[in-house]
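The values are calculated or read from the model by the stated rules, or taken from the named source; none is laboratory data. Given the structure is predicted, the values throughout are model-derived calculations rather than measurements. Here Cβ is always computed from backbone atoms with ideal geometry, including for glycine, and neighbour counts include all displayed protein chains. The accessibility values were calculated without ligands, DNA or RNA, using every heavy atom of the protein model including side chains. Shrake-Rupley method; radii C 1.70, N 1.55, O 1.52, S 1.80 Å.
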Amino acid sequence: MFQMGFVDESQTFKPERWTAEGTETRKGTKSEVLDHPYLRDPFSQGARRCPGSRVATNEIFAMIAQLVLDWKISVPDENIKSLDDVTYDASPIKPIFPTLQFEAR
């Protein structure tokens, strides 16, 4: 059940909440519960871990591998040669990804 009060602006996408600095600011507060491994991982942890978690993770890996095998993925922008050339919007967590071009192999 969703409960208000654990996170400020809970409906806003803020990936910086999960950086080392973000988790450090939650220590000793009510929001510290968000950093517990059983709540952080979508499949939980330990003996009560979702039995399908490994299947789901392997399906994702297989899908990405098939995507790379079936398509030639390139960046039409000649200024971008590596990930170091990708620009960021106000923080390293929000990269401005270039448009990708997909060509069937």
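Points worth noting:
- Label sites at Ser10 and Ala56, each approximated as a point 7 angstrom past Cα along Cα to Cβ, lie 2.0 nm apart.
- Accessible-area ranking of Lys72, Lys30, Lys81, largest first, probe 1.4 Å: Lys81, Lys30, Lys72
- Given the alternatives [x] 105, 5, 4; [y] 28, 14, 12; [z] 33, 23, 11, semi-axes √(5λ) of the Cα gyration tensor in Å as computed for this entry is given by [z].
- Solvent-accessible surface (1.4 angstrom probe) belonging to Asp77, in square angstrom, nearest 10: 70
- Segment 28-86: GluC sites (Glu not before Pro) in DSSP loop, at most 15 other beta carbons within 10 Å: Glu78
- Portion, in percent, of the accessible area of the chain that falls on carbon or sulfur, probe 1.4 Å: 58
- Relative to the longest principal axis of the Cα atoms of the chain, the long axis of helix 53-70 lies at roughly 20 degrees.
- Residue-normalised accessible area of the chain, expressed per residue, 1.4 Å probe, Å²: 85
- Selection from Gly5, Phe43, Thr25 lying farthest towards where the dipole of the chain points positive, charges on Cβ: Phe43
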